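I have placed the structure first, in the form of structure tokens, so that the comments after it can refer back to it.
The values are calculated or read from the model by the stated rules, or taken from the named source; none is laboratory data. Only a predicted model underlies this, so the values are computations on that prediction, with no experimental measurement involved. No Cβ is skipped: glycine too gets one built from the backbone with ideal geometry, and neighbour counts run over all protein chains shown. The area values use the complete protein model at the heavy-atom level, side chains included, leaving out ligands, DNA and RNA. Shrake-Rupley method; radii C 1.70, N 1.55, O 1.52, S 1.80 Å.
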Number of protein chains: 2
Amino acid sequence: MKHNIHFLPDDVHVTVEDGENLLSAAAAAGVYIHAYCGGDGVCGKCKVTLENGDVESDSAASLKKGEYDKGVRLACKARVVSDITVRIPEMVKADGKALKCAPKTTRAISARSLDSLIGSWSVDPPVGKKFLKIPPPTLEDNISDMQRLMRALKNANPDSLEPSYDHPELIHELPLVLREANWDVTVILLHGKGQKEPDRIIAVEPGDTTDRLYGLAVDIGTTTCGGVLIDLNSGEIVAEGSGYNAQIGYGEDVISRMIYSQRPGGLKGLQGKVIHTINNIIEEVCKKHIISPSDISYIMTAGNTVMAHLMLAINPKFLREAPYVPSVSQFPLTKAAGLGIMAHPSVRMFLYPCISSYVGGDIVAGVHACQMQKSDEISLFIDIGTNGEIVVGNKDWMVCAACSAGPAFEGGGIKFGMRASQGAIENFQIHPETYDPMIVTIGQTKPRGICGSGLISIVAELLDAGVLDPQGKFNRSLNHPRIREGEDRWEYVLAWDRDSMIGEDIVITEVDLDNLIRAKGAMYAGYQTLLESVGLTFSDLDRVILAGNFGSYIDLERAISIGLLPDIDRDRFFYIGNASMLGCQISLTDHKRFRERVAVRTLMTNMELSENPDFMNHYMAALFLPHTDMSLFPSAKK
Amino acid sequence: MKHNIHFLPDDVHVTVEDGENLLSAAAAAGVYIHAYCGGDGVCGKCKVTLENGDVESDSAASLKKGEYDKGVRLACKARVVSDITVRIPEMVKADGKALKCAPKTTRAISARSLDSLIGSWSVDPPVGKKFLKIPPPTLEDNISDMQRLMRALKNANPDSLEPSYDHPELIHELPLVLREANWDVTVILLHGKGQKEPDRIIAVEPGDTTDRLYGLAVDIGTTTCGGVLIDLNSGEIVAEGSGYNAQIGYGEDVISRMIYSQRPGGLKGLQGKVIHTINNIIEEVCKKHIISPSDISYIMTAGNTVMAHLMLAINPKFLREAPYVPSVSQFPLTKAAGLGIMAHPSVRMFLYPCISSYVGGDIVAGVHACQMQKSDEISLFIDIGTNGEIVVGNKDWMVCAACSAGPAFEGGGIKFGMRASQGAIENFQIHPETYDPMIVTIGQTKPRGICGSGLISIVAELLDAGVLDPQGKFNRSLNHPRIREGEDRWEYVLAWDRDSMIGEDIVITEVDLDNLIRAKGAMYAGYQTLLESVGLTFSDLDRVILAGNFGSYIDLERAISIGLLPDIDRDRFFYIGNASMLGCQISLTDHKRFRERVAVRTLMTNMELSENPDFMNHYMAALFLPHTDMSLFPSAKK
């Protein structure tokens, strides 16, 4: 169910989901409401008056009895449950004149309604189960147990190729399982790699277990690992889990992990840590859905090239040294239990192939998810994480590159940076005259820090309000208490200590801004270099696909206004969130889609940007908000 | 070089190889020469007179000076080196009349000149090497090491399918090997199973090692294991080795091994023993040819079903219990090192598939060697060993069966039975009037015992001379010192203690004869039952192919005269010796021939004889020398 909100006095109309937070809705609509405490209900600034309709609202200590009766509500504590009209109180200057704050143009793109990109997929997983009632042997018919099993399978699927078997333990277990189960067994089949390859029997279970068929999709991030448990009979996600990659104790980024891996026992140690992380996820999702880890029949994973090497304990030494060569790019289909993963010994783990040292399986999975390899349209695929990875191409060709953008958009190198979790500032507006902030946090709590989407909002707003200049320096002449010289050069106070969860002022500093500018500059220079290498410009792009952990949506206008994304037709942009995980989910559910990954890997050609002079020139030119060449950003020029 | 021998007075002509022993040559030609000591030169009975040509001869203590000068030689110490005429001294009775001893009709079929059966084969082994000089990576071309290797391989073989790799260790070793070898490496390739399957890289070695490519063919017998080292570049056999199967300490036959395997640790213990035996063979052949075991790139093996199960430590429990079901019939292509075999970790061991509990991979390999699966002609394939296995069919169909013939032809259940090795009586004649023996042993030493071919000769000769009746009982009325009542019923003395190597009389007893009659009776009943099951008779057979460890030849007339082989046109018989080993050798050398094994396995249908009433009837009727139904043996009738 959806509801309309009519904001007065600016006459802004928006449609929101039932139960949407009113403060978040206003922020997303570009409507400014005074709000200091992130939505925790304590600062009492975000009062609005309900003129029509109703909201659900907690009794707010900050409201007087009379106010409530007159329809006054704290926007941050109001949930929209019907069509409403709300009036934002006008603020007045000392001279009594109203403070003007025109609503902003926003363009939130969310990771929904992506059918045109991702398409649909079937429930036809790479692994299947078949229940068989096998006639027992007699003197007249005493072929071997394995042959008998295969014959029964062939009889059950007369049109299929003769299956093989591919699990050494099976030859030892099969005779006992068959007899214990009185010849009624369930076969677990691994489908052939190609369409002409026969199925392989990987396990045989007593009785009929066909109703228990699960797969696990795992995204192995440098910082966080996430897992999704899928019921492979229905294709539904039945549980999710996640956790920090336990390798983090050996270094925050891939470089420090690679260095650690060269110490005695380092490689095995790092492998053990990520396996431990995956085992925790398995435990978590199995507990949530009340199944046994042995009911999981396939594990589909993707991670960057360093993570993949460490997972398999392949020495990453040569990834780090020029000319940056992975040992392997197509990883073998590995027995998960052999790596220490809590799984039945027959269960295979697939790791998406990588392209180069810094364009990994997570990118291949992402590109695969959005079917670039099947489209005539030319797409620019961007994954913004600790590194930025870029892919341009269509069904006929693809080039890709990684640019060491740095982790600013994941909260790294930002004084109060954090990942998108409870208490992170995810949306922000500034009053153009008072320079006071409107802060919205994830979970509507007091702010703890700033996540990627918050950072984009903050920088875009500060720039738009003239608090910040295009070089990322604060306007020293504004003489406002929130703009001050701090420990790390100048800074803007987003939240005073009394309004913050951490008991200190939360600020954004010029050092933070330098890091952000370098990050977005590297990304933009990457797009340019890659496009030029194939003789294209931004206007040739049919689609720009943005992937990354920005939460449920990203504000396009703001991302463009700081120069993170190119200034082209907004309708061409898509945001798909965690594309790597999405690729794993699709592949795990649909074997035909899974097979199509081969085309992605085959098409992609890597380009090294690290020592490329064109890239360096573009990068230098992009160290400005939005860019030194304003002709590239016509919207900002206006 | 060959030489003609003209035996007088019986005017027998034969052609022999240069250096052939004169006593052996006489025996093979059916010419009787008095000889007690097996050819050791001590009994001095086998004196012959050279009338023309010359022989090489050791100075023999048993000859007087005058005799030697007159051309007298000991046949057992004479090697034929030119065309010769020799006179056998006539023996005279007490009354001065000559003792008559007409030459016998013999028909030695040897394991040579088998082209029509086995055909030729190419040197195109299932594993190959390729030397590659790989361009090192650069910033412009930094695909992964594995991709680089595959690309170089593809460039070297542009017409081949894209290879894969199939050795988990390779992903860890490859980067170091490539760099240590300065990018000049030799790839070991395992060819695809089918013609459309790509090659698989299983190992990479620094430098150019293409001149060292070896394969090992191993025949895993219940009693003896044999190995042949083949240079896979030339296809030549370069070394041979053999040894007793060390499992023998846990039981002489497969039944006792299966029983032992059910004890705690029994299965692993038996596996360890046969692996140890194979390792000894590897050591032996590598020492002979001065190579390292790691230069062996493929191991091709065949053994009976029990041996195959024990090799892979698959519990043989159900092989022994009705309805006699193997756990697996097609064994996985196994990493030899994983079983403890002294081989490079990447080396695969192929085990020929079995058909049923008692028709094993040795039979499949044998049938495969003689290309029954490609011939229009109907063949009867017989392997006489501890068990007798029989296969009838052609390129369109095959039925097979095992009959528990017992080990008589391998020396088991025979008082002085032994395997075909030094000192074994391998040929025998009896003087039709004096009942004195002509004994020829392997290696021309004093006799130690009787091997399979000796046993056939002895029984055939005793029967022909009337010393033995068709029920296997000695003629008690002959009143000859060699025919006497012994510990185990009646017996014939083949060698007196003074002429034997073991210092005691070597005899053949009626108990031995019972065992032999049961063995040949089971075989013959097997042929009949199997032929009847497909509506055929012996006259429908185009070929009879006899396999077994009878040494270099078998005497067809004698084998027929005791009822071991059917009495049909002699030209239809072939003797191919160790067919299992031959199959392994061919498969190891020629990949195309190797692939054809699939047809053999697919065609063969097993028939259980153990509880078959037809078989039991035929068996009872065959407990006679040669048979109760003499119409089946027209030659003997005459």
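Brief remarks follow.
- Of the listed requirements (1) buried (at least 23 other Cβ atoms within 10 Å of the Cβ); (2) at pLDDT below 95; (3) aliphatic (A, V, I, L, M), A:Leu556 misses just one: (1).
- At least 2 residues being over 30 Å from B:Met418 (Cα atoms) is the threshold, and among the strands (runs of 3 or more DSSP E) wholly inside region B:546-618 those reaching it are B:604-606.
- Number of the exception - B:Gly192 against (1) within 13 Å of chain A (Cβ to nearest Cβ); (2) at pLDDT below 95; (3) open to solvent by 10 Å² or more (accessible area, probe 1.4 Å): (3)
- Scope region B:162-187; condition in a helix (DSSP H, G or I), within 21 Å of B:Thr334 (Cβ to Cβ) and more than 9 Å from chain A (Cβ to nearest Cβ); matching residues: B:Glu173
- Checking each residue in region B:282-329 for being within 14 Å of B:Met342 (Cβ to Cβ) and more than 26 Å from the chain's Cα centre (by Cα) picks out B:Ile291, B:Ser292, B:Ser294, B:Asp295.
- Checked against (1) open to solvent by less than 50 Å² (accessible area, probe 1.4 Å); (2) within 14 Å of another protein chain (Cβ to nearest Cβ); (3) assigned to a helix (DSSP H, G or I), A:Leu153 passes all but condition (2).
- The single condition among (1) surrounded by fewer than 22 Cβ atoms within 10 Å (Cβ to Cβ); (2) out of contact with any Leu (no Cβ under 7 Å at 6 or more places or on another chain); (3) farther than 23 Å from B:Ala28 by Cα that B:Thr537 does not meet is (2).
- Subset tally (residues that are of a type in the set (A, V, I, L, M), in a helix (DSSP H, G or I) and within 14 Å of another protein chain (Cβ to nearest Cβ)) for region B:300-313: 4
- Hits in region B:314-358 (condition: open to solvent by less than 10 Å² (accessible area, probe 1.4 Å), small (Gly, Ala, Ser) and either more than 13 Å from chain A (Cβ to nearest Cβ) or over 15 Å from A:Asp141 (Cα atoms) (or both)): B:Ala336, B:Ser346
- For region A:427-442, residues that are under 15 Å from A:Lys100 (Cβ atoms), within 28 Å of the chain's Cα centre (by Cα) and of a type in the set (S, T, N, Q) total 1.
- Test: residue in region B:3-23 that is open to solvent by 30 Å² or more (accessible area, probe 1.4 Å), touching a Pro at 6+ places or on another chain (Cβ under 8 Å) and in a loop (DSSP other than H, G, I, E, B): yes
- The lone criterion from (1) more than 14 Å from chain A (Cβ to nearest Cβ); (2) open to solvent by less than 10 Å² (accessible area, probe 1.4 Å); (3) part of a helix (DSSP H, G or I); (4) in contact with a Gly (Cβ under 8 Å, 6 or more places away or on another chain) left unmet by B:Val364 is number (1).
- Residue that is surrounded by the fewest Cβ atoms within 10 Å (Cβ to Cβ) [pool: residues in region B:209-258 that are closer than 30 Å to B:Lys130 by Cα and among the polar types (S, T, N, Q)]: B:Ser234
- Any hit, region B:608-628, residues being in contact with a helix residue (DSSP H, G or I) (Cβ under 6 Å, 6 or more places away or on another chain), at pLDDT 95 or above, open to solvent by 40 Å² or more (accessible area, probe 1.4 Å) and hydrophobic (A, V, I, L, M, F, W, C): yes
- The criterion of being in contact with a Gly (Cβ under 6 Å, 6 or more places away or on another chain) and away from chain A (no Cβ under 14 Å) does not hold for B:Ile109.
- Residue satisfying condition, being in contact with a Cys (Cβ under 8 Å, 6 or more places away or on another chain) and either over 25 Å from B:Cys101 (Cβ atoms) or acidic (Asp, Glu) (or both), within set B:Gly503, B:Gly535, B:Gly526: B:Gly526
- Elements of type strands (runs of 3 or more DSSP E) in region B:483-535, at least 1 residues being closer than 14 Å to B:Val459 by Cβ and over 24 Å from the mean Cα position of the chain (by Cα): B:489-495, B:506-509
- If the condition is being more than 32 Å from the chain's Cα centre (by Cα) and surrounded by fewer than 17 Cβ atoms within 10 Å (Cβ to Cβ), then region A:66-81 contributes A:Gly66, A:Glu67, A:Tyr68, A:Asp69, A:Lys70, A:Gly71.
- In region A:156-181, the residues that are loosely packed, with under 15 Cβ neighbours inside 10 Å and among the small types (Gly, Ala, Ser): A:Ala156, A:Ser160
- Residues in region B:101-140 that are among the acidic types (Asp, Glu) and either surrounded by 15 or more Cβ atoms within 10 Å (Cβ to Cβ) or touching a residue at least 40 places away in the same chain (Cβ under 8 Å) (or both): B:Asp124 alone.
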